[in-house]
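The values are calculated or read from the model by the stated rules, or taken from the named source; none is laboratory data. As the structure is a prediction and not an experimental result, all values here were calculated from the model. Cβ: placed from backbone, ideal geometry, glycine included. Neighbour counts: every protein chain shown. Heads up: the accessible areas ignore ligands, DNA and RNA and are worked out on the full protein's heavy atoms, side chains in. Shrake-Rupley method; radii C 1.70, N 1.55, O 1.52, S 1.80 Å.
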Amino acid sequence: MIATKCVRAMLLALGVCLTALPALARSAPQITGAIDESRSVTLFGGVRLETSAKNDRGRVADGLRLDGTQLILKRSPRMEAMFEAKIAELYNPSSPQYHKWMTADQIEQAYGLDQRDIDTVTNWLTRRGFQIDSVGLGGLAISFSGNAGQIRDTFKTEIHNLDVRGVRRFANMTDAKIPAALAPVVAGIVSLNNFPPQMFHEKPMTQAQREQANFGKNHWRATSCSQGGCTFGVTPSDLATIYNLNPLFKSGITGKGQTVVVIENTDVFKPADWKTFRSKLGLSKYKDATFTQTQPSGKTKCGKPGVVDGAEGEAILDAEWASAGAPDANIALMSCADTKTTFGGLIALENLISGSKPPSIISMSYGECEVNSGAAANKAFFTVFKSAAAQGISVFVSSGDNLGALCDPRSPSPSVALHGINVNGWGSTVYNVSVGGTDFGDSYAGQNAKYWNKNNNSNFGSAKSYIPEIPWNDSCASTLTAQFAEGVGAGGNGTTYGAKGFCNTGPSAFITIVGGSGGPSVCAGGSPSIPQVASGGCLGYAKPSWQQNVLGNAPDGVRDLPDVSLFAADPSVWGHTYLFCDSDGKGCTGNPTQWAESGGTSFASPIWAGFQALVNQKLKGKQGNPDPVLYALAGAEYGKKGNAGCNSEKGNQVAKTCVFYDVTAGDNDAPCVLPYYCYYTGGAQDLGVLSFSDEFYEPAFFTGVGWDFATGLGTVNVANLVNKWPKS
């Protein structure tokens, strides 16, 4: 591979020209001085928001074993710039290197660290008493084990016991430190705690909560209830109708020969549930699909997780709904057991991306907010997904289910934004597709009968056509919900904030931050000046070139989420939900409308991964990071003024040529309390709503024409997406 000229101004500034890339040796050693333990630097961004005095239960025993802790290393700025330039060539249709994907070995050979730097770091850890378990991810991830006393003495931070809402956890109370000599190559420690990541699907509400939340449904549902006691349960048949999959299926584009990997830290409770889901809901006629679950081998030890309570529901819904998006594709659940401090899904990703036979498509439905995740964990996922992009792998990550407030827990209810605006740091990289969530707008408009048949078909589908969409937002801060509440006399005056607003007068079930997440990348790196709030030295990822010119995208200079969306709602407000088969939940016997129901961007991400399998089948090959193509297609559709024919509010009258359905009604704002990003006009006990200003009402975030923070580019007509995807 020969580059004939310098491909980026960044390289010119560095005095680098790619004239013979494969011949380049690794960078020279970056560690040039002796290790002096008395001279240290802080690895900022590794303390969780739960490490408060209220939760602190004292230091753990020095002998507490912390197995499988990961130290993430980093390339030199010069080498990182060269790698980025190479990736730009792989995605430039005018380049002779277009789509000539690299292998993991080629990446390590051309852009790996000098072995002497790796040896210096591992030797230092060994001298401090740690056991080196592995060096993976092309030399960029060192897995090591030791005890809490060694962590304290080496990294100058204490591990404490915590009691967080009745659950025992442990975590480091301050940022770790390392000798200054190691700083050029050490990005940080992925984690020194045992908090599990967020899973982006919703647990069923209690009957009391549901009755309280369903305050006005009789006004718009009296004649159109047909499924599951007046809940419209979305099935694969509905998905195919709403998002126009059927023309592809009829033409043989079904995902045949493709594999979609779903990343987990658990096995499913009962593998046969996948077959039951398919057979009951009309997918078993697609004979080529398979389901497997295994542990990806590699340099980092991948333990068999078994069935992890709570997480197994995530795993089975990911596998089932990826299959709904591509019914003939092979679905491979790849999982590793969590270590004491490292998410098993990250280990699975590292082994997959570093292996000799990486997958073509990956979906992950887990995450943490950028601030809480910390710079090192964010860097770990950035590094993995960057390598994936160079290898031609398409990665989809759920944007989250916490509206604009991903750092705050959405359960137990009530829940409000306490720490301002935050996004999923595991999916805010420029090398993955961030998938947000919508709800259907037929209930808000009083048009259920227009879009749903009274009776289900043989595959339990009842959708008639594409259905208008709104952002998924279960909270009192939703302007659409507040307007509806005013119309049915359920409190509020059509506004969300203030003493008479819906957040302070409506049912308490609406005091929640449940809904599709989106927002700007604000703290992927750096360190906040206010603990656990994106502030001060926080740094978001720079806005990629493919996101800069699409209509509606904010001129904020940073990466914005989500990229695309799909239906993801739970049934608590507008009555739409997904059905899935989980023998460890409600079971899978009898009528599927009585199965488990749930919502979340955990559904939307694997479905979009399934859509990518259809693209790959049609084009007969890997497409890499889909974002540049998605934004180019959206740019052509929306132009400079938008495309009224593709406005989602048109519903079944939307233009047949649209690739994207532009969601333009609603928001993903959230209730909040002072002082961070909260517009507040009430009394001492009143709630505000999440806003860019505390002096003016600038809600986070309204929809708009083109791209927006609530739904990204919008949702999709899949047949048009596949047929308009540019050929390699």
#### Entry: Largest to smallest accessible area among Cys538, Cys336 [probe 1.4 Å]
Cys538, Cys336
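Antiparallel as a % of all DSSP beta bridges within the chain, to the nearest 5? Numbers along the way, then the final one.
Working: 53 of 85 bridges.
So the antiparallel bridges amount to about 60 percent of the total.
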#### Entry: Solvent accessible area, Å² - Lys280, 1.4 Å probe, full protein context
90
### Message
Can you tell me the convex hull volume per residue for the chain, based on C-alpha atoms, in Å³ to the nearest whole number?
### Response
145
### Message
For the pair Asp105/Thr294, report the inter-label distance in nm, with labels modelled 7 Å from Cα in the Cβ direction.
### Response
2.0
### Task
Could you pull out every one of the aspartates and glutamates with an alpha carbon less than 19 Å from that of Lys586, ignoring same-chain neighbours closer than 8 positions?
Glu202, Asp267, Asp273, Asp309, Glu312, Glu314, Asp318, Glu320, Asp570, Glu597
### Query
With +1 on each Lys and Arg Cβ and -1 on each Asp and Glu Cβ, how big is the dipole of the chain about its Cα centre, in debye rounded to the nearest 20?
1680
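Give the relative contact order (percent, whole number) for the chain; include only Cα pairs under 8 Å separated by 6+ residues. Can you show the working numbers first?
Working: 1911 pairs, mean separation 113.6, N = 728.
Computed value for the chain: 16 percent relative contact order.
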### Message
Among Ser399, Val416, Tyr466, whose Cα projects farthest towards the positive end of the dipole of the stretch 389-503, with charges put on the beta-carbon of Lys, Arg (+1) and Asp, Glu (-1)?
### Response
Tyr466
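Once the mean 1/r over all distinct Cα pairs of the stretch 273-358 is inverted, what Kirkwood radius in angstroms do you read off? Don't jump to the answer; show the numbers that get you there.
Working: mean 1/r = 0.0718 Å⁻¹.
Roughly 13.9 Å, rounded to one decimal.
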### Query
How much of Glu368 can a 1.4 Å solvent probe reach, expressed as accessible area in Å² and rounded to 10?
10
### Task
Keeping all protein chains in place, calculate the accessible area per residue for the chain (probe 1.4 angstrom), answer in Å².
35
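Using a 1.4 Å probe and counting only protein heavy atoms, arrange Phe696, Phe709 so the residue with the most accessible area comes first. Don't skip to the end; give the middle numbers.
On the way: Phe696 125, Phe709 25 Å².
The most accessible residue leads, giving Phe696, Phe709.
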### Under 15 Å, Cβ to Cβ, from Ala34 - net charge with Lys/Arg +1 and Asp/Glu -1
-1
### the stretch 640-686: radius of gyration over Cα atoms, expressed as a fraction of 2.2 N^0.38 Å
1.90
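On the accessible surface of the chain, probed at 1.4 Å, how many percent belong to carbon and sulfur atoms? Walk me through the intermediate numbers first.
Working: 12970 of 25340 Å².
Roughly 51 percent, rounded to a whole number.
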### Task
Find the Rg to Rh ratio for the stretch 359-478, where Rh is the Kirkwood radius over alpha-carbon pairs and Rg uses the same atoms.
1.08
